[in-house]
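Right, one structure below, let's go through it.
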Ligand SMILES: Nc1ncnc2c1ncn2[C@@H]1O[C@H](COP(=O)(O)OP(=O)(O)OP(=O)(O)O)[C@@H](O)[C@H]1O
Ligand SMILES: O=P(O)(O)OC[C@H]1O[C@H](OP(=O)(O)OP(=O)(O)O)[C@H](O)[C@@H]1O
Ligand SMILES: [Mg+2]
């Protein structure tokens, strides 16, 4: 038997539920044959795939080492823990959940400090006055170094923080922090504010591929099947299916619908009887329905799409291009 294809899925934390729901929506039901505490699983209907249930941060490091082929994890963890990330891994697609910003935050009481340039002044002044450097509490050590350097800030020192980072300034173990935030509630509760130009990264959960994994022909074929499911679902959720039939329907009308409403006609123009199937972006449905009725349609039906299987698979094409480089 050939070595299994390994897909890493978050086992806990914020990304877990969303990740499982994401695969289920794509028609990829994840199963744990040996029960809920089992950290190895399978995908129903796709052979020779092993699901590795790992923490989001572990998934980033396993991708870097080529221990898994594909994985779901946060872009923040990829950029922080993988040096030269764009060469070693491919962010295939952002998944629409797990959004959070990595930010530089300082005490709200520092009313004169609003930007990184202000911070540069303050850190330099602090060093001259106190003969030591200001401390930044964070677990994002590499992201912090890179970002501070890009703003010319050098008079600081990183204090590694494993958790409850926002509490560090109040406790007195650091002057400021770099951490992830979504609603801003934790920062506010700790009397901190984000600098105006202090967003280091806008992170989202991503589907990520490893360059170093064993990309045998079998592994590529498995990736193609998995990405085909995901692409079919993504394509389906961008549109609704609109059906109608009216005699006056013609190619010119279709062109106008395309230009005005972003409509595509996957099965070509109207049939001889005027029957027409369109795919329309959800936000344009009502406008399109009104347009079609104004041109003679009596009835327009709208249905949601579960899957649209196109000949092209943009996700797999992206993976192939990356592996060729
Ligand atoms: N509000 C948020 N706070 C933290 N992470 C978030 C948030 N929203 C989305 N995420 C994403 O979820 C990822 C995983 O966070 P999570 O807290 O689940 O695990 P972790 O912090 O890596 O592990 P642990 O907290 O168990 O040490 C983050 O790296 C980030 O990409
Ligand atoms: O802006 P907010 O919506 O308040 O969210 C931000 C908080 O959420 C995360 O902590 P998490 O709950 O993951 O705990 P952790 O620090 O143990 O990872 C993060 O580290 C922040 O502390
Ligand atoms: Mg966390």
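The values are calculated or read from the model by the stated rules, or taken from the named source; none is laboratory data. The model shown is predicted, which means the values in this text are computed figures rather than measured ones. Note that each Cβ is placed from the backbone with ideal geometry, even for glycine, and that neighbours are counted across all protein chains shown.
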**Unique match (being in a helix (DSSP H, G or I) and more than 19 Å from residue 306 (Cα to Cα)) among 248, 234, 252, 283** = 252
**Message:** Out of the residues in the stretch 305-321 meeting the condition of being in contact (Cβ under 8 Å) with a residue 60 or more places away in the chain and outside any helix (DSSP H, G or I), tell me which one is farthest from residue 69 (Cα to Cα).
**Reply:** 305
**Asked** If we keep just the residues of the stretch 173-187 that are buried (at least 16 other Cβ atoms within 10 Å of the Cβ) and assigned to a helix (DSSP H, G or I), which is nearest to ligand 1 (Cβ to nearest atom)?
**Response** 186
**Request:** Take the stretch 1-32 and flag every residue that is exposed (fewer than 13 other Cβ atoms within 10 Å of the Cβ) and touching a strand residue (DSSP E or B) at 6+ places or on another chain (Cβ under 6 Å).
**Result:** 31
**Fill in**
The number of residues in the stretch 1-32 that are in a loop (DSSP other than H, G, I, E, B) and farther than 22 Å from residue 219 by Cα is 3
**Subset of the stretch 220-241 that is buried (at least 21 other Cβ atoms within 10 Å of the Cβ) and farther than 30 Å from residue 258 by Cα - its residue that is nearest to ligand 2 (Cβ to nearest atom)** = 226
**Hey, residue 78 away from ligand 1 (no atom under 15 Å from the Cβ) and either in a helix (DSSP H, G or I) or assigned by TED's automatic domain parsing to the domain that holds residue 224 (or both) or not** = no
**Request:** Filter the stretch 71-89 for residues that are within 15 Å of ligand 3 (Cβ to nearest atom), surrounded by fewer than 23 Cβ atoms within 10 Å (Cβ to Cβ) and closer than 19 Å to residue 6 by Cβ and give the result.
**Result:** 81
**Request:** Out of 217, 190, 250, report the one residue that is over 30 Å from the mean Cα position of the chain (by Cα) and either exposed (fewer than 14 other Cβ atoms within 10 Å of the Cβ) or more than 23 Å from residue 21 (Cα to Cα) (or both).
**Result:** 250
**Subset of the stretch 1-22 (residues that are touching a residue at least 60 places away in the same chain (Cβ under 8 Å) and either within 16 Å of ligand 2 (Cβ to nearest atom) or closer than 16 Å to residue 231 by Cβ (or both))** = 7, 10, 14, 15, 18, 19, 22
**Message:** Can you pull out every residue in the stretch 257-273 that is touching a residue at least 12 places away in the same chain (Cβ under 8 Å) and not in a loop (DSSP other than H, G, I, E, B)?
**Reply:** 257, 260, 261, 264
**Item:** One residue from 43, 51 being surrounded by 16 or more Cβ atoms within 10 Å (Cβ to Cβ) and without any contact (Cβ under 8 Å) to a residue 60 or more places away in the chain
**Value:** 51
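Residue-by-condition table, conditions (1) away from ligand 2 (no atom under 13 Å from the Cβ); (2) at pLDDT 95 or above; (3) in the same structural domain as residue 60 (by TED's automatic domain parsing):
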| residue | (1), (2), (3) |
| --- | --- |
| 91 | yes, yes, yes |
| 117 | yes, yes, no |
| 142 | yes, yes, no |
| 165 | no, yes, no |
| 175 | yes, yes, no |
| 183 | no, yes, no |
**Prompt:** Any chance the stretch 195-207 includes a residue that's in contact with a strand residue (DSSP E or B) (Cβ under 9 Å, 6 or more places away or on another chain), within 16 Å of ligand 2 (Cβ to nearest atom) and more than 23 Å from residue 94 (Cβ to Cβ)?
**Reply:** yes
